[in-house]
Amino acid sequence: MNTLRRDIQTLAASLLAGRWALPDLTDRLQRALHWPHPPASLLAARLLRDLGEHHAPEARTLASWLLQDALLLAHLERGSDARPHIEWLLDAHVMEAQPPAMAADVPQLPTTGDLADWLRISPGELGWFSDLWCSQARASREPLRHYRYQWRHREDRPRLIEIPKPRLKRLQRRVLHEILDPPQPHPAAHGFRAGRSCLTYARPHTGQPVVARMDLRDFFQSVPIRRVTAFFRCLGYPAPVARVLRGLCTHGVSRDVLTRAGLDLPWERRQRLASPHLPQGAPTSPALANLCCYRLDCRLTGLADKLGLRYTRYADDLAFSGAESLRHGFERFHILVARIALEEGFELNTRKTRLMTAAQRQSLTGILVNAHPNLPRREYDSLKAILHNCIRTGPAAQNRAGLPDFRGHLRGRIAYLAQINPDRGARLLRLWEAIEWPDRRATDSADAETAGRRAR
């Protein structure tokens, strides 16, 4: 009986590893049990009829239902021939996302009171900051809100930056450093990680005949909120503590903020922003997004390995590379990636999908990967011209944007280029060192004297 119960729990976890819909459930039942389509479809239809078709049930509820299905029990009681298929499906879709979290060395917080003590706030303050009842989305007064908002306008669509206020940001930073930093994301993830960068993301695709780039739409807002709770549960935290931690790291935007912006946002995007989501601007969001994408990375890595391709991800940018076969079968491959993304709660932005052959400029996050990692020639020439003009006419004339630390700005751009192309970086560094920079103290004194004259 223990073996049967374990198999049922395994199958329940496998069924919850994707969308709760008839075709997806039928497909997972067929692969798990090696059933033909008719009985798998009938079992999936009964699941939706008895447990509801709009929302997936809890794992315990689903397992209890499966234990009472006579057809399924008869199949499982045939012996061990069904078990390996169930375990294989679980390994492919569920368990691979758990070991790094399970092995993490995180604080032991058995109750919400322990969580409040660990954060050095009162239980009442913890309830207010976690906002489990989404009262922030209904608050009309600015002092009652935990976030400030900035709209960044881009060519394709405006982006909302949600900036937590100082007290909440301090709590989020502690959660980040002591709870989210110990678990390691999937090796294919290169964004928001120490020791990784856009260079490590692009380098594996250097010199490949074909490179494909895809983009996930509304990355932070698309991370399923239930998966955030599930991640904290995987760390071993009880359900009440996991829900409060999720509340500290998620946010729903007040609808009047979206109305006052005066932007023609699609209804679906308004709903995503108004519902609890990972806010773009919170210190915890990048790490949580990476960790919650573990299963997505597992599945895309498995797909790439099966087809002899390479796969890496930098935030919402997906990169694949391989032989000419990728170009010939790209349409079907793109459909497979889109399907996996949809099952994991994401959507591909097809307008940003690019297929680049060796005869074209293969670019990933602005880095060329045709022969070796490099920056576009135009970017190098532009920076070189600025440095030459700084030597000839002085840096003040070139600081057209009025940057307060123009010297550090140029040094940073050179360091970034040198990381990708050391030879070009060394040449630009020699030009930077030849610039005659004004003495900072003399400049500050002159500015103060000018301000004093204006005041008189």
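The values are calculated or read from the model by the stated rules, or taken from the named source; none is laboratory data. Quick caveat, the model's predicted, so the values are computed rather than measured. Note that we place each Cβ from the backbone using ideal geometry, even for glycine, and neighbour counts take in every protein chain shown. Quick note on the areas: whole protein, heavy atoms, side chains included, nothing else; ligands and nucleic acids left out. Shrake-Rupley method; radii C 1.70, N 1.55, O 1.52, S 1.80 Å.
Among what's in region 270-290 and is outside any helix (DSSP H, G or I) and farther than 21 Å from SER135 by Cβ, pick the residue that is modelled with the lowest pLDDT.
So the residue we want is GLN280.
Are any of the residues in region 161-174 touching a strand residue (DSSP E or B) at 6+ places or on another chain (Cβ under 8 Å) and among the β-branched types (Val, Ile, Thr)?
Yes: one or more hits.
Please list, ordered by residue number, the strands (runs of 3 or more DSSP E) wholly in region 141-223 having 3 or more residues that are buried (at least 17 other Cβ atoms within 10 Å of the Cβ).
Output list reads 159-164, 210-215.
Scan region 336-389 for residues that are of a type in the set (S, T, N, Q), part of a loop (DSSP other than H, G, I, E, B) and either open to solvent by less than 20 Å² (accessible area, probe 1.4 Å) or in contact (Cβ under 8 Å) with a residue 12 or more places away in the chain (or both) and jot them down.
If the condition is that a residue be of a type in the set (S, T, N, Q), part of a loop (DSSP other than H, G, I, E, B) and either open to solvent by less than 20 Å² (accessible area, probe 1.4 Å) or in contact (Cβ under 8 Å) with a residue 12 or more places away in the chain (or both), then ASN349, THR353, GLN362, THR365, ASN370 are the ones that fit.
Quick one: PRO23 ticks every box in (1) open to solvent by 70 Å² or more (accessible area, probe 1.4 Å); (2) touching a residue at least 12 places away in the same chain (Cβ under 8 Å) bar one, so which box is it?
Condition (2) is where PRO23 drops out.
Condition (residue is in a loop (DSSP other than H, G, I, E, B) and under 19 Å from GLN362 (Cβ atoms)) applied to region 291-308: is it met by at least one residue?
yes
In region 394-410, how many residues are open to solvent by less than 70 Å² (accessible area, probe 1.4 Å) and either touching a residue at least 60 places away in the same chain (Cβ under 8 Å) or in a helix (DSSP H, G or I) (or both)?
6
Output the residues belonging to region 35-60 that are loosely packed, with under 14 Cβ neighbours inside 10 Å, of a type outside the set (D, E, K, R) and either under 31 Å from the mean Cα position of the chain (by Cα) or part of a loop (DSSP other than H, G, I, E, B) (or both).
Within region 35-60, PRO36, GLY52, HIS54, HIS55 qualify.
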